[in-house]
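Since every read-out is calculated from the coordinates, none of them should be taken as a lab result. Values in this document were obtained by computation on a predicted structure and should not be read as measured data. We place every Cβ from the backbone using ideal geometry, glycine too, and count neighbours over all the protein chains shown.
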C-alpha cells in the first residue's frame, strides 16, 4: 500500500503554488498548522526534504521538484477518474465508433467532430474511413455506432443527408484529355490505366469504380487515387468534394465521355442500434444531420448545378 496520500500531495502543491503555508491555507480553506503537518508527514514518509525557505517564499528542493512532478500526475489521474465516474453516471459513453465512406466530404465531418470534442471531452471517437461494403459490414457487426455512406444495409434506420457527384477526371496532359471535341467510348477507357479504390471490408476483394480497364491500379484510399491522377498516368471517378478545387484551377479536367462522365450518389446517416445509443452518439448524429442540412441549396435557387434535375434521390449537399 502507498505510504502517502493524494491529500498530502495536494497540500504540498498548494504550498508551492501559494509560496507559503499561510497563503496556501487561505486558498484551500484549511488551517496553516494542518497543511504544515501534512507536508511534514509527507517528507518524513518519503525520507527526503521537499521544501526550503528562500527569502520570504517557501520553495521546492531539487528532490521536491522531481517528486512533485510525479505527484501532480497522480492528482491529474485522480481527477480524470472522478470525471470518468461522472460521465458513466450520466449515461454518456466513453467511446463511440463512426464509419464514414470516403465519398463523403471529410471537411464537414471533421468540423462536426471538432465541435463534438468540446461538448464531450471524455468521449473517445473511433473514426473508420470506409469504402463500398466496409461501412455496412461495421454497422452489421456492431463495430460502428453510426455510419455515413451511400449503402445502408437492410434493417437499419437511416436519415438522408445529401448527395455527392462522382466525376471522371484526369490530368490535362493525359492522352485521354488531349482529344478535343471527341467523346470517349468504353473502348478508349479500356486501354487506359484507371485507378480504383479497394473495398475496405474484411475478406472482400471488390473495388470501387468502372472496372473494365486493362491497366487497372488498386489503392486503399481516395486521397491516394487523387495523387496518382494528378501525377498524370491514370484516370479515375472521384467525388466532386475531393477534385472540385483542382477542376476549378485547371489542374484536373473532366473527361468527355459518350455517357457517364459523372453520376450522383445519395448518402445517409444510419444508426447501429438507436435504442441502445448513448447520449453522445445521439448528439453526434444530430450535429452531423444539422451540418449537412445547412449545405442543402434552396430548390428554387437559380444557382443550382446543371445536374441537379437528374438528382431525384433527396437533397444535394454542396460539399
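Rounded if a/c is under 1.5, else prolate if a/b is larger than b/c, else oblate: which is region 6-90, with a ≥ b ≥ c the root eigenvalues of its Cα gyration tensor? Prolate. Here the spin labels are modelled as points 7 Å beyond Cα on the Cα-Cβ line, and at residue 40 and residue 72 they lie 2.7 nm apart. Cα centroid distance between region 168-182 and region 22-72, in Å? The distance from the Cα centre of region 168-182 to that of region 22-72 comes to 74 Å.
Would you mind getting me the FRET efficiency between residue 178 and residue 294? Use the beta-carbon distance for r and R0 = 51 Å, nearest 0.05. E(calc), rounded to 0.05, equals 0.80. Note on residue 6 and residue 251: the extension gain reaches 82.1 nm, defined as 0.36 nm multiplied by sequence separation minus the Cα-Cα distance. Evaluate region 165-264: find the radius of gyration of its Cα atoms, find its Kirkwood radius, and give the ratio Rg to Rh. The Rg/Rh ratio comes out at 0.95. Spacing of the modelled spin labels on residue 141 and residue 230, each 7 Å from Cα toward Cβ, amounts to 3.2 nm. On full extension, the segment bounded by residue 26 and residue 53 gains 7.8 nm, given 0.36 nm per residue less the C-alpha separation. By other beta-carbon atoms within 10 Å, ranking 9, 217 with the fewest at the front produces 217, 9. Panel order for 287, 11, by other beta carbons found within 10 Å of each beta carbon, from fewest to most: 287, 11.
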